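Laboratory data are not the source of any read-out in this text; all were calculated from the coordinates shown. The model shown is predicted, which means the values in this text are computed figures rather than measured ones. Don't worry about glycine lacking a Cβ; one is built from the backbone with ideal geometry, like all the others, and counts go over all protein chains shown.
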Amino acid sequence: MREDCYDEYRKRLNILITGNSPLLHSVMLELHNLGHSISITKIPHETLFVYASQQPDLIIFSNFENAYNTFSSIREINPDAEALFVIDINNPESFENFFDFHNVSFISSTATTESIISKISEFHKAIIRNKQSAQNSKLYDLILQGLPFPAILVCACNGETILANKAALEILPITGSESRIPFTSFLPEDVRNNLFTDQKTYRTHSLKSVCAYDKFWDLTFEQVAPSVFLLLAVDVTEQRKQLQLREEMERIARHDLRSPTATIVGMSRILETEANLDSDYKQLAEIIRKTSERMIRQIDTSLTLIRLETGSLVTDSHPFNLFGAITAAIGDVSQLVEEKELEIQCFLEDEPIQDECPLVCYGEASLIITMFSNLVKNAAEAAPECSTITVRLSDTEQSIITEIHNLGEVPNSIKNSFFDRYATHGKRNGTGLGTYSAKLIAKVSGGDISFTSSWNQGTSLITTLPKPSENLNRN
């Protein structure tokens, strides 16, 4: 059944009319014209059978024998069954015992057809609201129970758990006598006091890596009704262990690799300056030193990337010459540039930069060098052989914009994930971390990166980095 047809069907009423009042004949015709389903019975046994088999939305009793006992039996089947009694207001004794029932209405037997239809319309609106509410409740419960992690509805007033899904009941120590909202006893007092203070704005609180019940959890407290909060708890214990293991392995690798590499840098520098080598060997010593220095930066970057991802990195920001960082980055990819016979040209606005450029930006120089190394390497790998890469710097009031352009095009398959982790295409030794880490560095430095790419215009990587504030410039 199509969804629109189902919605229309759901809005119809299934009405059971009992009795033989002449007034109901015109009512039945009008109800039928409105699209409602009508059933008619005249005796109690038949009425009970039809109700049990059809479960109508509304029963109309009119001049019906033994109506009280019949409806009492129906209420045993469905305590919330609704009814409309057509009564003779001149004979109170005939209907006074009907007041024992809840969710029933009355209308005079002398009422017009329009009045009865209007009364039924009120039932109709209420029934639709109740059906919608019941459906939403079932859907909400289905979603809640289907979540693989604890989800709990709690009352902020008395700390009681209103509803807990299966995962919560299996994992958490929730009991019927629980008077404290789960997890709150593990939170600092200031955090706990702030969770439920401002309930008029329906705020959402997110807490990361909360240690509770011998595990670590990411918690979300979201207000869904007055004084009612939905608590979602995601177990991140394993992720935390893996991250700690990865960080420890990175530290070990960094220590074991960095120390001997630093020794190579020192020894090659001695060969350059004090070993009285001829020019050819001195050039080889310089290559060894620069390669070793680049390796040290890459080792340092591997640990920095983890800190960037976890948000634990505190940058050592200071003003520095941006073109110097770009020059160092270009030096890191000199071998690739030579192999592909590329040319790299640098401009300040539209003027070629010869040796120096006075533009100063603000950030951690080593991170910015790493960022531009990744971006220039990306451009060099994507550029056609024997083509030109341009680096264009633009000075604005509060930032410096750098555009790195090459004639290659970003494949359509990775355009939407260009800055995502492991996004790479067609590179033999590509890791997919270059643009990802560059984006993280730009963000943590207070800037950003974007790109444009097309087959006829090539690709431009556009970075924005902040300039030092006026106070720093004065100092």
**Study point:** residue 448/residue 321 FRET efficiency (R0 25 Å; Cβ-Cβ; nearest 0.05)
**Key:** 0.75
Point to revise | Farthest toward positive dipole pole in the chain [+1 Lys/Arg, -1 Asp/Glu at C-beta], among 362, 43, 233 | key: 43
Point to revise | Rounded if a/c under 1.5, otherwise prolate or oblate - region 241-314, Cα gyration tensor axes | key: prolate
Check your understanding: Tilt of helix 44-54 relative to the longest C-alpha principal axis of the chain, in degrees (0 to 90, nearest 10)?
Key -> 10 degrees
Review point. Going by alpha carbons, how many degrees (0 to 90, nearest 10) lie between the helix axis of 279-310 and the longest principal axis of the chain?
Key: 20 degrees
Practice item. Starting from the Cα of residue 443, draw a straight line to each of the lysines and keep only those under 22 Å, dropping any in the same chain fewer than 8 residues away. Key: 208, 377, 415, 467
Study note, to complete from the structure: Residues whose built amide H sits under 5 Å from the amide H of residue 160, excluding neighbours closer than 5 in sequence, are 155
Exercise for review: Could you calculate the FRET efficiency of residue 225 with residue 121 from 1/(1 + (r/R0)^6), where r is the beta carbon distance between them and R0 is 25 Å, rounded to 0.05?
Suggested key: 0.25
Check your understanding: Residues with amide H under 5 Å of residue 212's amide H, sequence separation 5 or more or different chain, H placed in the peptide plane at 1.01 Å from N; which?
Key -> 217
**Study point:** Proxy reagent accessibility, fewest Cβ within 10 Å first, across 372, 347
**Key:** 347, 372
**Study point:** Label corresponding to percent of Cα pairs over 40 Å apart when calculated from the structure given, among (i) 55; (ii) 19; (iii) 34
**Key:** (i)
**Study point:** Phi to ³J(HN,Hα) by Karplus 6.51 cos²θ - 1.76 cosθ + 1.60 over region 268-273, Hz, x for Gly, Pro
**Key:** 5, 5, 5, 4, 5, 9
Exercise for review: Calculate how many DSSP beta bridges within the chain are antiparallel, expressed in % of all such bridges and rounded to the nearest 5.
Suggested key: 65 percent
Point to revise | Principal-axis tilt of helix 322-332 within the chain, Cα atoms, nearest 10 degrees | key: 80 degrees
**Study point:** Euclidean distance of C-alpha centroids, region 127-189 and region 274-303, integer Å
**Key:** 62 Å
Exercise for review: Show which lysines lie in cross-link reach of residue 42 when reach means a straight Cα distance below 24 angstrom and same-chain residues fewer than eight apart are skipped.
Suggested key: 119
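What does the charge dipole of region 241-314 about its Cα centre add up to, to the nearest 20 debye, if the Cβ of each Lys and Arg holds +1 and the Cβ of each Asp and Glu holds -1?
300 debye
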**Study point:** Listed pairs 282/340; 166/439; 125/166 exceeding 32 Å between Cα atoms
**Key:** 166/439; 125/166
Revision key, fill the gap. Under the 7 Å Cα-to-Cβ spin-label approximation, residue 54 and residue 341 lie apart by a distance in nanometres of 9.0 nm
Review point. Quick one: what does P(r) look like for region 342-395 with 5 Å bins over all Cα pairs, in whole %?
Key: 5, 16, 21, 25, 23, 8, 2
**Study point:** Table column - 3J(HN,Hα) (Hz), region 80-93, Karplus curve with 6.51, -1.76, 1.60, x for Gly and Pro
**Key:** 9, 4, 9, 9, 10, 9, 8, 10, 8, 5, 7, 10, x, 4
**Study point:** Sequence-distant residues sharing a close amide H with residue 346 (under 5 Å, placed H)
**Key:** 353, 391
Study note, to complete from the structure: For the chain, whose charge dipole is built from +1 on Lys and Arg Cβ atoms and -1 on Asp and Glu Cβ atoms, the candidate among 407, 74, 136 with its Cα farthest towards the positive end is 74
Study note, to complete from the structure: region 329-396: antiparallel bridges as % of DSSP beta bridges, rounded to 5, reads 25 percent
Point to revise | Residues 286, 96, sorted so that the one with the fewest Cβ neighbours within 10 Å comes first | key: 96, 286
Check your understanding: Fewest to most neighbouring Cβ within 10 Å: what's the order for 334, 399?
Key -> 334, 399
Exercise for review: Treating only the Cβ atoms of Lys and Arg (+1) and Asp and Glu (-1) as charged, compute the dipole magnitude of the chain about its Cα centre; round to the nearest 20 debye.
Suggested key: 680 debye
